[in-house]
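First comes the structure, then the notes that go with it.
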Amino acid sequence: MPEPVTRIEVHPYPIATLRHRAGLVRNTRPPAPLALELRYSAVDPYAVRIKLAAEGAEVRWALSREMLLLGLRRHDGLGEVAVWPVRPLSGPALVRVRLGSAEAGAVVETELDVIAEWLYVTQRLVPLGCEASYIRWDDFLLPLLDGS
């Protein structure tokens with residue numbers, strides 16, 4: 001499988017995209033291979049968009065960048081999304097993400113270091129704690145207020 005690819009684009013706002021591989025965790029069998037894409041934009045500075053694809057099917061989800069960052073160190077999340085680190089006896093450290101409920105969702109995993117490096121790139125685009133300053137309220141509010 002190819003190495004992870006991180007791309008940074010500006011059109012007109014900075015966007016960081018990671019393309020890599022992941023595995024669908026299965027109870028008694030090895031993980032099923034998936035294509036993983038993470039996308040982060042300064043326009044939506046609190047969210048990470050995730051796309052998973054396999055054999056002509058795909059699912060998309062949004063999760064908190066902060067949750068993903070915290071999940072690299074400890075379990076984080078409630079409800080439909082959770083993130084946590086896994087340290088296997090051999091091989092690289094992994095991060096797992098549960099999307100959907102425990103009964104009707106999926107758990108995917110990928111290398112923790114790859115996600116950590118990509119999240120560092122997103123922090124160069126929008127530093128942690130500065131997200132609110134990237135929200136363009138005027139673009140949203142001015143058309144509404146001018147119409148009144």
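The values are calculated or read from the model by the stated rules, or taken from the named source; none is laboratory data. The structure presented is a predicted model; accordingly, all values stated were derived computationally and were not measured. Every residue, glycine among them, receives a Cβ derived from its backbone with ideal geometry; neighbour counts consider all protein chains shown. Remember, those area values only see protein heavy atoms, side chains included, never the ligands or the DNA or RNA. Shrake-Rupley method; radii C 1.70, N 1.55, O 1.52, S 1.80 Å.
Points worth noting:
- Boolean, P45 is touching a residue at least 40 places away in the same chain (Cβ under 8 Å) and at negative phi: yes
- Pairs, first charged (D, E, K, R) in the stretch 118-139, second open to solvent by less than 70 Å² (accessible area, probe 1.4 Å), C-beta under 7 Å, six or more apart: E131/P45
- Boolean, R21 is more than 25 Å from V126 (Cβ to Cβ), touching a residue at least 60 places away in the same chain (Cβ under 8 Å) and of a type outside the set (A, V, I, L, M, F, W, C): yes
- Residue under evaluation L141, criteria (1) in contact with a Pro (Cβ under 7 Å, 6 or more places away or on another chain); (2) assigned to a helix (DSSP H, G or I), criterion not met: (1)
- Selection status of Y120, closer than 20 Å to E3 by Cα and aromatic (F, W, Y): yes
- Wholly within the stretch 1-109, strands (runs of 3 or more DSSP E) carrying at least 3 residues that are open to solvent by 70 Å² or more (accessible area, probe 1.4 Å) and at pLDDT 90 or above: 57-64
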